[in-house]
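Reading through the structure tokens given below for one structure.
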Amino acid sequence: MHRADLRRRAGQGHPRLLDILKEKRVPATFFLLGSKHVDRYPEVVKRISDEGHEVANHTWTHRILTDLDAADVREELSRTQDAVERITGRKPTLMRPPQGRTDDTVSDVSRELGLAQILWSITAKDYSTDDSALIEQRVLEQAHGDGIILLHDIYDGTVPAVPRSSTSSSGGASPS
């Protein structure tokens, strides 16, 4: 089964994406920013959790963690952890560092906070096109068992590509 790494920016296709995932019975992991997503749109975070998707940590402000000392890395992650727990009753167990940049300090602090770092094995490069067919093609060309596909629902072409990708990928299990 594949899991989707969907980074959410409020107001951009998110409710429709949740509707699609529910209809297709596709689980996803949403790596959310604390200041822009969790703090501003708690009702959406609650819906993500209530519908069985995983709410994960993408830092508080999207700072590049490898540029920070341990205390600042801890602050970026802890604030998001606490905000998600207030809404869902559970702290995330997964985190994705901005731009996938990590080092020993990020690894140590993540481990201290009970967070596993997750990167991706497939990218649709949806940030470079609004062409849903191209996004779908990129996903399907790289799809493999247990792959993690990086998608961003902030781009116009991504959400329309999800239904096709989720039913065409191996086992029809997920958009990623």
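Odds and ends about this structure:
- Checked against (1) under 18 Å from the mean Cα position of the chain (by Cα); (2) modelled with pLDDT under 95; (3) over 24 Å from Pro15 (Cβ atoms), Gly145 passes all but condition (1).
- Residues of the range 15-44 satisfying the condition of being under 28 Å from Val73 (Cβ atoms), in a helix (DSSP H, G or I) and either more than 12 Å from the chain's Cα centre (by Cα) or small (Gly, Ala, Ser) (or both): Gly34, Ser35, Lys36, Val38, Pro42, Val44
- Trp60, sole failed condition from (1) surrounded by fewer than 21 Cβ atoms within 10 Å (Cβ to Cβ); (2) more than 23 Å from Ala143 (Cα to Cα); (3) modelled with pLDDT of 95 or more: (1)
- Residue in the range 101-116 that is buried (at least 19 other Cβ atoms within 10 Å of the Cβ), of a type in the set (Val, Ile, Thr) and part of a strand (DSSP E or B) present: no
- Options Arg47, Arg74, Arg79: the member that is open to solvent by 30 Å² or more (accessible area, probe 1.4 Å) and touching a residue at least 40 places away in the same chain (Cβ under 8 Å): Arg79
The values are calculated or read from the model by the stated rules, or taken from the named source; none is laboratory data. What you see is a predicted model; the values in this text were computed from it and never measured. In this analysis, Cβ positions are derived from the backbone assuming ideal geometry, glycine residues included, and neighbour counts consider all displayed protein chains. Heads up: the accessible areas ignore ligands, DNA and RNA and are worked out on the full protein's heavy atoms, side chains in. Shrake-Rupley method; radii C 1.70, N 1.55, O 1.52, S 1.80 Å.
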